[in-house]
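No value in this document is a laboratory result; all are computed from the given coordinates. Given the structure is predicted, the values throughout are model-derived calculations rather than measurements. So basically every Cβ, Gly included, is an ideal-geometry build from the backbone, and we count neighbours across all protein chains shown.
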Amino acid sequence: MKLVAVNGSPRKAGNTSLMLKEIVALAEKKGIETKYFDLADMHISDCKGCQNCKTNQACVQKDDMTSIVEAMQASDFVLLGSPVYMGDETGLMKCVADRLYCLLAEGDGPGNYKTRLAPGKKVMLLMTCGDPNGDKLYNYILVRYFRLLIKLLEFEDLHSFIIGGVNPNADVRKMNQAKEAMKEADRYLTV
Ligand SMILES: Cc1cc2nc3c(=O)[nH]c(=O)nc-3n(C[C@H](O)[C@H](O)[C@H](O)COP(=O)(O)O)c2cc1C
């Protein structure tokens with residue numbers, strides 16, 4: 001079994017990464033092979049909207065997105081993490097979400113796509129944010145990602161967490177909400 005984690009926080013040692021690394025460690029304990037990407041270290045351009053990927057298999061842009069796509073194709077679990085920035089995911093993560101368009105082949109008729117991902121993959125989306133009510137306030141982000149990941153890319157299942165009230169200068173792992181999220185992630189990573 002394989003898991004790929006993608007950190008969309010520009011703070012490579014920030015709270016989002018602390019949570020992602022805990023989940024990666026849980027996966028490794030279960031014998032799952034893991035890969036971890038820090039988007040802050042990568043060069044990924046915006047989608048050009050050229051639509052070439054609708055008829056050809058791959059994106060025309062040869063940048064670091066290729067390794068993320070390849071790792072996703074090879075993984076059973078995908079773990080996406082981002083802080084909330086101005087009410088949404090970070091620009092780093094949005095750029096990756098847009099580029100995932102290359103995993104959608106043209107379907108039958110306008111707005112219909114066929115996923116290029118193999119069936120049976122599971123995905124976790126983890127967000128951290130400062131507002132203590134973030135888990136309710138930012139639910140719309142989860143709705144957007146549900147449509148992208150389940151309806152379009154056809155992941156088999158999505159489990160999402162928003163950890164609210166996170167102080168950038170404190171360790172999120174000490175928060176009860178984070179401890180609960182870790183227990184849930186542990187159960188989710190059944191092999
Ligand atoms: C540019 C910026 C915008 C932010 N916007 C929001 C926001 O809209 N809502 C919120 O609850 N927290 C917001 N925050 C707080 C972060 O989401 C929070 O501190 C998060 O845990 C940071 O994750 P990190 O430690 O991985 O960087 C913002 C922080 C920054 C730096």
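Structural remarks
- Where N is the number of residues in the chain, Cα Rg divided by 2.2 N^0.38 Å: 1.00
- DSSP finds beta bridges in the range 2-188, and of those with both partners inside it, around 15 percent are antiparallel.
- Qualifying GluC sites (Glu not before Pro) for the range 122-191 [loop in DSSP, other Cβ within 10 Å: at most 14]: 156
- For the chain, size of Cβ-based charge dipole, Lys and Arg +1, Asp and Glu -1, in debye: 140
- Per residue Cα convex hull volume in Å³ - calculated over the range 56-127: 112
- Lysines whose Cα lies under 25 Å from that of residue 183, excluding same-chain neighbours fewer than 8 positions away: 2, 12, 21, 29, 30, 35, 121, 122, 136, 174
- Percent RCO, i.e. relative contact order, over the range 2-188, from Cα pairs under 8 Å lying at least 6 residues apart: 25
- Peptides 106-112, 50-56, 171-177, 68-74 ranked from most to least packed give 68-74, 171-177, 50-56, 106-112, packing being the mean of other C-beta atoms within 10 angstrom over each peptide's residues.
- Stokes-Einstein D (µm²/s) once Rh is taken as the Kirkwood radius of the range 117-191 over alpha-carbon pairs, at 25 °C in 0.890 mPa s: 184
- Alpha carbon centroid spacing (whole Å) that separates the range 99-174 from the range 51-93: 12
- Each residue, residue 48 and residue 140, gets one label point 7 Å from its Cα in the Cβ direction; the gap between the two is 3.2 nm.
- Within the chain, helix-based [θ] at 222 nm, where runs of 4 or more DSSP H residues each add -39,500 (n - 2.57), nearest 500: -9500 deg cm²/dmol
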